[in-house]
Structure formats: structure tokens, C-alpha cells
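The values are calculated or read from the model by the stated rules, or taken from the named source; none is laboratory data. Since the structure is predicted, the reported quantities are computational estimates derived from the model, not experimental observations. Virtual Cβ from ideal backbone geometry, glycine too; neighbours counted across all protein chains shown.
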Amino acid sequence: MLRENANDLLAFLVVARERSFTKAAARIGVSQSALSHTVRSLEARLGLRLLTRTTRSVSPTEAGERLLQTVGPHFDAIEVQLGALSALRDKPAGNLRINATDHALDSLLRPKLKAFLQQYPDIKVEVFCDYGLADIAAQGFDAGVRLGEQVADGMIAMRIGPDMRMAVVGTPDYFARYPTPESPRDLTAHQCNNLRLATHGNLYSWEFAKGGESLNVKVSGQVTLNGVYPLLNAALDGLGLSYIPEDLCAPYLTSGHLVRVLEDWSPAFAGLHLYYPSRRQTSPAFALLLEALRYRA
């Protein structure tokens, strides 16, 4: 029975974690129809419905959730132990999955991964970009990248970048039409480009601090986007002010394409950290990745 169900259980776990047959099929390299048939066969043998399917989403039933929580960790442990066998190879090997934003990938991961992957050709790294603050353990990621203040309890966090600052920027033409804000409170009279967070569907409040005073400002404008690169482009297009990482807009400030305001209200904060579950057993490949990404001031 166990031998018969092992592959089917693995297929179910991927679908349950991805909440999508399409994404799960792409991840394990099979067709969506074949994956659906595999899961239905497992349900038939168990005599239980494990997934609730709609035209837009897939979610575990009560039985499916129980199977995910009880059986999933055992398969994860097996995968870690198999990965640990790479220590017996002449060259380290393994597959690693990381959840991060596009900005984290571009500014920190990409430069370091280039050298890392050239040095260890048998290690494969998948980076999934989103702003959803994913549950990395539930979704099968080895690690995630977040700002230090966003790392959840129960995780081990390692700094991979310096402290960061945010910047409020707009074009010279925009400031020819609107007065320069002297305080974050003045932003309510400006066209501001909003960021919508995937986690709760909320609009991100711009955060400021100065002289012991902290302000979170809910801004408004004609444009709402879901990433910092589109926000940069919106500012460059003169559509309003954007609130983006300082390093992202630095070249455009130097060139004069953008102007920064409220700089004295933008203190430094804990930069990007790589984090992973404290219960995770470190494979040789993952240990090498940690060392390659570690921030050295």
C-alpha cells in the first residue's frame, strides 16, 4: 500500500502546497491532466476527497489538510536526508528553492548566485518572486528573503545585505506642477503611486520617522501597482510620487531624472535577511548557499 501510494502522495503534497494544479504540474514536470488523474486515483484508493476544486482555486479538505500536516514533514525529512548524501559525492549537489521579491533577487541574490552556481554546477537554485510574504514551510521553499523586521517567529534569520532606506521620488516636471512636501502629512495633497500587497490585498502605508516621531501615511493617486520596479517606472513617467528602495532610484537621482523629497524622514532600517525554519536540517548544498549569501560588512 505504501509503495503504491508514495508517488501519488508526493503529487498530492505539491498540489496542496501550490494550491494549483497548473503550478504543481509545472514544478514537477508533468501534464496537468496526468497530475489530476494521479490525485483522483489517490482519493479513490483512500475513499476520501482530499482537495476541493473550483474553476479558480484548489484547497485541501479537512482530510487533505490533515494529510498535508502529518505526512508532508516526513517526506520533507526524507528529501533533506537524501540531499545530505551529496556530502559523499566529489561535488556538492541538490535542489534549493527560495522565495524572494524581484528587488531582492536583482540587488542581492543575482550577483552572488552567479559566482555560486559557477562554483557548484551540480547545485540547482529556483527563485520564486512575489510580495506575498509566503509561508515558506507550507509551500515547500528551503528559504525566503525578507526585511529583518518581517521575519516570522520560529525562523532562523541571517543578514544578507546592509541596512536600507526608502525614498520618496518624483520627476522635476512633477514638482514644477506640485509644491514640495515639507512633512509626510503633506503627501495627502499629492498624486502618489500605491503598492498593493498580495498578502492581504491591502495598500501599503508609507512609513516615516524623525526625531522620535513615527508616521504611517495612507496615500492616494491614480495608479496602484504590485512591485517596486513598476513603481519606479510610474515615477519616471511623471504619474506621481513613488516610495521605493533608495538603491533602486539612486542612478536616476544622480542623472536628475528623479528628485527626492522628505529624505530627513527616511531613517535606515534592518536590511534583507535570508530565513528558514529552525527545525530544518541543513544539507551540504544549503550550508554552502548560506555561506555564499552571508553579509560581510
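Could you please give the count of residues in segment 147-189 that are part of a loop (DSSP other than H, G, I, E, B), hydroxyl-bearing (Ser, Thr, Tyr) and under 32 Å from the mean Cα position of the chain (by Cα)? Explain how you work it out, then say what you get.
So in segment 147-189, the residues part of a loop (DSSP other than H, G, I, E, B) come out as 151-154, 160-163, 165, 171, 178-183.
Within this subset, residues satisfying the condition of being hydroxyl-bearing (Ser, Thr, Tyr) are 171, 178, 180, 183.
Now drop any that are not under 32 Å from the mean Cα position of the chain (by Cα), which leaves 171, 183.
So the answer is 2.
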- Please specify each residue of segment 237-264 satisfying the condition of being surrounded by 22 or more Cβ atoms within 10 Å (Cβ to Cβ), out of contact with any Leu (no Cβ under 6 Å at 6 or more places or on another chain) and outside any loop (DSSP other than H, G, I, E, B). Leu241, Tyr243
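Would you pick out the residues in segment 13-44 that are acidic (Asp, Glu) and touching a Leu at 6+ places or on another chain (Cβ under 6 Å)?
Once the filter is applied, which keeps residues that are acidic (Asp, Glu) and touching a Leu at 6+ places or on another chain (Cβ under 6 Å), segment 13-44 yields only Glu43.
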- Of the residues in segment 1-56, those that are of a type outside the set (D, E, K, R) and not in a helix (DSSP H, G or I) number 12
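Each row is one residue, and each column tells you yes or no for (1) surrounded by fewer than 16 Cβ atoms within 10 Å (Cβ to Cβ); (2) touching a residue at least 60 places away in the same chain (Cβ under 8 Å); (3) under 26 Å from the mean Cα position of the chain (by Cα).
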| position | (1), (2), (3) |
| --- | --- |
| Arg19 | yes, no, yes |
| Thr38 | no, no, no |
| Arg56 | yes, no, yes |
| Glu65 | yes, no, yes |
| Lys91 | yes, no, no |
| Thr101 | no, yes, yes |
| Leu105 | no, no, yes |
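For segment 115-135, which positions are among the small types (Gly, Ala, Ser) and exposed (fewer than 13 other Cβ atoms within 10 Å of the Cβ)? Talk me through it step by step, then tell me what you get.
Here is the first cut: in segment 115-135, the ones among the small types (Gly, Ala, Ser) are 115, 132, 134.
The answer is Ala115, and nothing else.
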- Name the pairs whose Cβ atoms lie under 7 Å apart, with the first residue in segment 116-143 and under 19 Å from Ile160 (Cα atoms), the second hydroxyl-bearing (Ser, Thr, Tyr), and 6 or more positions between them or separate chains? Cys129/Thr101; Tyr131/Thr101; Leu133/Thr199; Asp142/Tyr276; Ala143/Tyr275; Ala143/Tyr276
- Task: For residues that are part of a helix (DSSP H, G or I) and loosely packed, with under 15 Cβ neighbours inside 10 Å, scanning just segment 265-296, find the one that is modelled with the lowest pLDDT.
- Result: Ala287
- Query: Among (1) in a helix (DSSP H, G or I); (2) modelled with pLDDT of 85 or more, which single condition is Asn95 missing?
  - Reply: (1)
- How about segment 199-236: which of its residues are part of a loop (DSSP other than H, G, I, E, B), touching a residue at least 40 places away in the same chain (Cβ under 8 Å) and among the charged types (D, E, K, R)? none
